[in-house]
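J.: Before we start, here is the structure in question, set down as structure tokens.
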Amino acid sequence: MSSILDIELLYQSRKIKIGCLAITESNKNPLSFEYDSGWLKNGYALGADLPLTFGVHRVTPLRIPGRAGLLSRASSFGFLCDASPGAWVPSLLERAEFFGLKANGLPAKSTSTNELLFSVGHPGDAFSAYSCKDSTFAIRKKSTSSTENRSLSKIVRLMEAYPGNLRRFTEEDIALLVNNTTDIGGASIKALVTLTRDGKTTDWVVRCKRPEDPCATPLWTAVTASLARSAGIRVPDFSYELCARFGAFLEKRFDRTERGEPLMALSAATLCARPSPYKALTAPIPSWLDVADIINREGSAPAEDLRELFLRLVFATFVSLPGLTLERIWFVRQGGGWRLAPMSAPCAMPPLSGSRQLAIPLSGNDAASSIEKLEEASRYFGVPRQEVRLITLEVAKAVHAWREKAMSAGADLSEIASMQAAFLS
């Protein structure tokens, strides 16, 4: 048995057909994709694994260290992995079915993993700018201004308790989580809430502390984002909210315009060139230079974005960012090409080993970084070698203020001491 789904682009209140996705029960080739003839004439590729060519495309495996997502890049197309629901969704839906909440348009327990992407979420709220024509999920219920702060606090408390206390959640708790956490994927549970800030009502992505996190990640994400902004790196508007037990990190969506229109968004993991199937197991992991190659090859503002990417590389040299993987570097479609999206939710963490390593290799399999290596790599980013030390000095100055920013955000002395290894200052 197979399902054929139309994939469409949401653009200025219109839907443009991109192609057809076929989902089968075959273990060998469960997915195939074919572009629409109209898209072939005027569209663009949905990733390096889906070149804009005629015919049926099969999955090209990419094995990289990454998130524990619902879909694997070894068996699914990259653009689906980027927007797939979080790995927490199946357990959440199973609990919802226990309470008989299927009437809200929830998929059945038997829904396959590949089809789950198109069975949850809400029209217009899902990540990126494409949708499935047959999506029938209900419109997301949004809090009113009189209840939004109370709802935010409750959502964060539930996310902090997930999944350990899932069986203790009431029907109201499950309904609240289903309504707010099924649009945004990723390795950790996160919510999409509508809040009023500075007189403007908009959607915010809410992140909380996971049970396995060694520190209060919402607070340290806010500190890291503040440091990145001080270093000249673009980050989305964000705030740190004191609610629940460990607080919440709120961030505006980078896959939406100022007017709230969706933007096509793909990760560097999806856009990086693929090795041939015969070399997929032995090829080096894509590096920072491969990300730079995306900008050189398909960028609509290469000079600006290459310099921005180099700033992030320098920042990752001074701040331990284990979460800054290929799946956390995003591009949005603008100006007829790909633009580097703002740096989303960077979070400093002490290195697990004694040596500081980049989450993405600098080149080949070399994950170590230094000023000398930055000077050698700078030409790939269009940065003159003589400017590298000046750039690193400015970034180092910004990072040096991490203690002051942490204390002003509310971190206590024990937290600051435990996080010291995450910053090279």
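The values are calculated or read from the model by the stated rules, or taken from the named source; none is laboratory data. Just so it is clear, the model here is predicted, and its values are computed rather than measured. For neighbour counting, all protein chains shown are included, and Cβ atoms are generated from backbone atoms with ideal geometry for every residue, glycine included. Ligands, DNA and RNA are excluded from the accessible area calculation, which covers all protein heavy atoms including side chains. Shrake-Rupley method; radii C 1.70, N 1.55, O 1.52, S 1.80 Å.
J.: List every residue whose amide H lies under 5 Å from the amide H of residue 189, counting only residues 5 or more places away in sequence or on a different chain, with H placed 1.01 Å from N in the peptide plane.
T.: When sequence neighbours closer than 5 places are left aside, there are no close amide H contacts.
J.: Towards the positive end of the charge dipole of the chain, with charges on Cβ (+1 Lys, Arg; -1 Asp, Glu), say which of 76, 355, 323 has the farthest Cα.
T.: Farthest towards the positive pole: 323.
J.: List every residue whose amide H lies under 5 Å from the amide H of residue 19, counting only residues 5 or more places away in sequence or on a different chain, with H placed 1.01 Å from N in the peptide plane.
T.: HN-HN under 5 Å from residue 19: 7, 36.
J.: Straight-line reach from residue 252: which aspartates and glutamates have Cα under 17 Å away, leaving out those fewer than 8 places along the same chain?
T.: Those aspartates and glutamates meeting the cut-off are 125, 148, 183, 198, 203, 237, 241, 261.
J.: Another one. Once the whole set of protein chains is in place, how much accessible area is left on residue 397, using a 1.4 Å probe, in Å² to the nearest 10?
T.: 120
J.: Given +1 on the Cβ of Lys and Arg, -1 on the Cβ of Asp and Glu, and no further charges, what dipole in debye does the chain carry about its Cα centre, rounded to the nearest 20?
T.: Dipole size: approximately 180 debye.
J.: Could you work out how far apart the two model spin labels at residue 198 and residue 370 are, taking each label as a point 7 Å from the Cα in the direction of the beta carbon, and quote it in nm?
T.: Taking the two extended label points, one gets 4.3 nm.
J.: Now for a different question. Along region 342-353, what does the Karplus equation 6.51 cos²θ - 1.76 cosθ + 1.60 (θ = phi - 60°) give for ³J(HN,Hα), rounded to whole Hz, x for Gly and Pro?
T.: In residue order, the calculated couplings are x, 6, 8, 6, x, 9, 6, 9, x, x, 5, 9 Hz.
J.: Under 11 Å from the Cβ of residue 338, count the other residues' Cβ atoms, weight Lys and Arg +1, Asp and Glu -1, and hand me the total.
T.: Surrounding charge for residue 338 is +1.
J.: Further question on the same structure: How would 400, 57 rank on accessible area, largest to smallest, probe 1.4 Å?
T.: Largest accessible area first, the residues go 400, 57.
J.: Sorted by accessible area (1.4 Å probe), largest first, how do 7, 371 line up?
T.: Ranked list, largest accessible area first: 371, 7.
J.: So I have [x] 96, 61, 40; [y] 59, 51, 40; [z] 67, 60, 51, and one of them is Cα extents along the principal axes in Å calculated from this model. Which one is it?
T.: The calculated read-out lines up with [y].
J.: If you add up the charges near residue 262, with Lys and Arg at +1 and Asp and Glu at -1, over every other residue whose beta carbon is less than 13 angstrom from its beta carbon, what do you get?
T.: Taking every Cβ under 13 Å from that of residue 262, the sum is -1.
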